[in-house]
Amino acid sequence: MAFRFQRRIRLAPGVRLNLSKRGLGLSLGPRGASLSLGPSGVHGHAGIPGTGLSYRQKLSGADRQRRGTRDAAASALAQRLAEGESLALTLEVEQSGQLRYFHADGTPLSDAEARAVRRHAEASLREQLQAHCERLNADLDRLGRLHEETPAPEASGYAMRDFAEPPPPPFEPQPPAWWHALWPPANRAREAQNRRQRAEFDERYRAWEWRKAEHDAAEFARHRRESEGVWDDPEAMEATLRERLEEIDWPRETLIDFDLGSDISTIAVDIDLPGEEEVPDRYWGMPPKQLKLSPRRLSDTRQRKLYRDHVHGIAFRVLGAVFARLPGIKEARVSGYRQVVDPATGAERDQYLYSVKVTRTQWQAIRFDRLDQVDPVAALEAFTLRRDMTKTGIFRDIEPLKLV
């Protein structure tokens, strides 16, 4: 096999775990308000329900306010919240799980104002924090189960998608009123308005038809490419694999280099893997009587196992995309590497963690209807695998399988 590795895909994450050491992010708010929480703080928008209007209001002054001014601001804030008004706030969840409260302009709330917010919006805060906590933990658990979403190799071909955008609502001309017969200028104005609105509708509908036609043509071309071209057309094979990899819900940004062999029945893939420090190191809980998140740190062994399962799961997903979307591929070689600091020079270098060679016949032996019972680490060990890993998930350098 001869490979060049001239094709690179930068895959955007579908679900990005918030790995910031400064905090966690979520959105919450009652009807009419959106409160944005994050490590650096993201402003939300407040509105008056039912009116379509929104506003931002500064309820406190400079940091050196006197106590009386702060108390007055807190009382005003509590009154507005008690009356059901919405408020633009920025919240931040610290790494310890504690909440910090800010006005929309970035000014911290006083302790009295924060107490007023907790008192009048406790139910909403608690509900959304709990939901966010569960999402964070589910996203963390998903890192070790990425392989469970792998399609079976028989799942080739492409099902065309319908155009999702509905047509513009039909034009309904304004009917004449009884008095239009008595006032011809008003009737002429009505008719002119109907003509303008009809012309605008016709233009919108033609634009919608063009968008639908372009969508349908693209879907038909993709269906034809994935039904016929993937067997012997290198460009069709590359485009198909790229699109499939881009559709996967990756937990983080992933770089993949790939190239086809000279006989287009083989493929080689190199994956830029995350480092261990990029894997979350804690689960989150919510105390029953406090508005905060409570971190529970993972043990080193548990974190290494999560990392081990995740990097092997990435290779499993890539192999699944290759064998499902490229029916002419008989053999795939996948290698995964990460960047580490070389202690001899202080410079970064690529450290290969594994390199695996899999044939289509070997891949078809997996029970894809029982992937929840498949261990991605053991699955790769069933193939031709080059890897130096301890039982606790510590990797040592390897030389990847040769590309010739």
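What follows draws every value from the coordinates through simple rules; no lab data is involved. Worth saying up front: this structure is predicted, and the values here are computed from it rather than measured. Note: ideal-geometry Cβ built from the backbone for every residue, glycine included; neighbour counts use all protein chains shown.
Quick notes
- Backbone N atoms of region 148-174 closer than 17 Å to the 7 Å Cα→Cβ label point of HIS215 belong to residues 159-170.
- Computed E for ALA131/SER299 - FRET, C-beta separation, R0 25 angstrom, nearest 0.05: 0.40
- In summary, the aspartates and glutamates within cross-link reach of LYS289, defined as a Cα separation below 20 angstrom excluding same-chain residues under 8 places away, comprise GLU92, GLU94, ASP111, GLU113, GLU122, GLU127, GLU134.
- Among 120-129, 344-353, the order from most to least packed when residues are scored by Cβ within 10 Å on average: 120-129, 344-353
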